[in-house]
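Student: The structure follows.
The values are calculated or read from the model by the stated rules, or taken from the named source; none is laboratory data. These figures come from a predicted structure and were not determined experimentally. Here the Cβ is made from the backbone with ideal geometry for all residues, glycine too, and neighbour counts use every protein chain on show.
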Amino acid sequence: MRMFIRSSVALGLLVGFTGACSDRQPTMPDDGPLLLTTADETLGLYDGSEPTPGGSHEVITTVTNGTVCRLTTFEGGGNFEDIHPELNFSIPGSNARFPGWKTLTSGNYFNNPSGVTIGLMTSFSHEITFESPVVSVSFFYASIPDVTLQAFDAAETLVATVTGSANAPPFSTWEALGVAVAQNVITRVTVSGQTFQTAIDDFENCGPPLTPEQQIQAILDEILANPDVNAGLAGSLASKLETVLAKLDKDNVGAAINQLQAFINQIQALIQAGTLAQPDGQILIDVAQGVIDQLSA
Ligand SMILES: [Ca+2]
C-alpha cells in the first residue's frame with residue numbers, strides 16, 4: 001500500500017530543513033500544534049531527514065488457543081509518512097486504523113522492538129480505531145512525557161486505561177503498555193503523549209476470530225515458513241489444506257472436516273517420527289482442531 005499524501009504540518013516542517021545538517025533550524029507553522037525547539041534533546045524522534053514513501057505494511061497474525069492477534073510492526077512504512085491519510089482506511093490485515101500517525105524509518109531512536117520503522121505521534125493525542133472490536137491492545141513505547149492508553153467501546157464508554165512512565169530521552173528504552181478486557185468490545189483507543197516526542201512499535205490487537213479460510217491460510221503460511229518442512233512434505237500438507245479450502249468454497253463442510261482430520265493425522269505422524277518438532281506441530285493441530293470445532297458448531 002503506497003501513500004504519498006502528506007499533511008500541511010509536514011510540508012511546513014520541510015521548508016525549515018534546507019540548510020546543512022548542523023544548521024537545520026525547524027520553522028514551525030504559526031498555527032501548528034508543534035512544540036519543538038532546536039535543542040537536540042527536545043527535537044524528539046524525528047531528525048528532519050527527507051520524507052520517503054513506503055510500501056506494504058507488515059502485519060504478523062498469530063492464532064493461539066482460538067485468540068487471533070494482529071501485530072503491526074510498521075515495517076514497510078515510509079520515512080515521516082502518514083500511515084493512512086484517508087478516513088476509514090486500515091492497514092490490510094491489521095484490523096487497525098492509525099489516523100494522524102506517521103511512520104519513521106530514520107531518527108533519534110535506537111533499540112526499537114522490530115526492524116527500523118516506528119509509529120510517530122504528530123500531536124499530543126491520537127486515536128487508533130478497529131474494524132472489528134477487540135479484547136486487548138498493546139504496544140511498546142518510547143516517550144519524553146508519560147503515555148496514557150485509553151480504550152473505549154462502541155457506546156463511547158471508557159472500558160480500560162493505563163499509563164506508562166516517561167522513559168526518554170534518549171529514545172532507546174521501549175516499554176510495553178497494554179489493556180485487556182473480558183470481551184471483544186474495544187472499538188477504539190486513544191494514545192496520549194507528545195508531538196514528535198512519543199513513538200510506538202509492535203502494535204498488537206487481539207480478539208476477533210478469523211474465518212476458517214483465514215485460519216487455514218495461516219496454517220499454510222506457518223508450514224511454508226518452517227525450515228524443518230522440506231518442499232515435498234510441504235506440498236503434501238499444502239494439498240490437503242487446499243482441498244479443505246476447495247471443499248469450503250463449495251459449502252461441503254463434512255468433506256472439509258474429513259480433510260482437516262487427515263491433516264491432523266499426518267502432523268501427528270510427523271511429530272512421532274521426529275520430522276516435526278512437537279511444539280511446531282501442536283500449533284498446527286490446535287488451529288486445525290479449532291477450525292473443525294468452528295465448522296461443527
Ligand atoms: Ca518496527
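Student: Those residues that are more than 16 Å from the ligand (Cβ to nearest atom), small (Gly, Ala, Ser) and either modelled with pLDDT under 85 or under 16 Å from Ser138 (Cβ atoms) (or both), I need them from the range 193-233; list them, please.
Tutor: Residues of the range 193-233 more than 16 Å from the ligand (Cβ to nearest atom): 193-197, 206-233.
Subsequent filtering for residues that are small (Gly, Ala, Ser) retains 193, 207, 218, 225, 231-232.
Result: Gly193, Gly207, Ala218, Ala225.
Student: Considering only residues that are more than 16 Å from the ligand (Cβ to nearest atom) and buried (at least 21 other Cβ atoms within 10 Å of the Cβ), which ones fall in the range 127-142? Walk me through how you get there before you give the answer.
Tutor: So the first thing to find is which residues in the range 127-142 are more than 16 Å from the ligand (Cβ to nearest atom), and the list is 127, 129-137.
If the condition is that a residue be more than 16 Å from the ligand (Cβ to nearest atom) and buried (at least 21 other Cβ atoms within 10 Å of the Cβ), then Phe130, Val134, Val137 are the ones that fit.
Student: Right, another one. In this structure, is Ala234 outside the structural domain of Thr105 (by TED's automatic domain parsing) and either part of a loop (DSSP other than H, G, I, E, B) or crowded, with 18+ Cβ neighbours inside 10 Å (or both)?
Tutor: No; evaluated as a whole, the condition is false for this residue.
Student: I've got another one for you. For the range 83-102, what are the residues that are crowded, with 23+ Cβ neighbours inside 10 Å and either not assigned by TED's automatic domain parsing to the domain that holds Ile200 or not hydrophobic (A, V, I, L, M, F, W, C) (or both)?
Tutor: Going residue by residue through the range 83-102, those that are crowded, with 23+ Cβ neighbours inside 10 Å are 83, 94-96, 98, 101-102.
Hits for the range 83-102 are Ser94, Asn95, Lys102.
Student: Within the range 248-258, which residues are modelled with pLDDT of 95 or more and in a helix (DSSP H, G or I)?
Tutor: Within the range 248-258, Val253, Gly254, Ala255, Ala256, Ile257, Asn258 qualify.
Student: Hey, can you tell me all the residues within the range 94-115 that are more than 16 Å from the ligand (Cβ to nearest atom) and assigned to a loop (DSSP other than H, G, I, E, B)?
Tutor: Residues satisfying the conditions are Asn95, Pro99, Gly100.
Student: Looking for something more than 22 Å from Ser90 (Cα to Cα) and modelled with pLDDT of 95 or more - is there at least one such residue anywhere in the range 134-143?
Tutor: Taking the range 134-143 first, the residues more than 22 Å from Ser90 (Cα to Cα) are 142-143.
Subsequent filtering for residues that are modelled with pLDDT of 95 or more retains 142-143.
Yes; the residues of the range 134-143 include at least one that is more than 22 Å from Ser90 (Cα to Cα) and modelled with pLDDT of 95 or more.
Residue-wise test of (1) more than 18 Å from Glu204 (Cα to Cα); (2) in contact (Cβ under 8 Å) with a residue 40 or more places away in the chain; (3) of a type outside the set (Val, Ile, Thr).
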{"site": "Ser49", "(1), (2), (3)": "yes, yes, yes"}
{"site": "Cys69", "(1), (2), (3)": "no, yes, yes"}
{"site": "Phe74", "(1), (2), (3)": "no, yes, yes"}
{"site": "Thr103", "(1), (2), (3)": "no, yes, no"}
{"site": "Ser106", "(1), (2), (3)": "yes, yes, yes"}
{"site": "Thr117", "(1), (2), (3)": "no, yes, no"}
{"site": "Met121", "(1), (2), (3)": "no, yes, yes"}
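Student: Now for a different question. If I ask for residues that are in a loop (DSSP other than H, G, I, E, B) and within 15 Å of Val191 (Cβ to Cβ), which ones from the range 128-154 would you list?
Tutor: Start the filter on the range 128-154 by keeping residues that are in a loop (DSSP other than H, G, I, E, B), which leaves 135, 144-146, 153-154.
Matches in the range 128-154: Ile144, Pro145, Asp146.
Student: Only strands (runs of 3 or more DSSP E) wholly contained in the range 155-217 count here; list those with 3 or more residues that are outside the structural domain of Ser138 (by TED's automatic domain parsing) and surrounded by fewer than 18 Cβ atoms within 10 Å (Cβ to Cβ).
Tutor: Values: elements: 158-164, 175-180, 186-192, 198-206.
By residue number, no strands (runs of 3 or more DSSP E) qualify.
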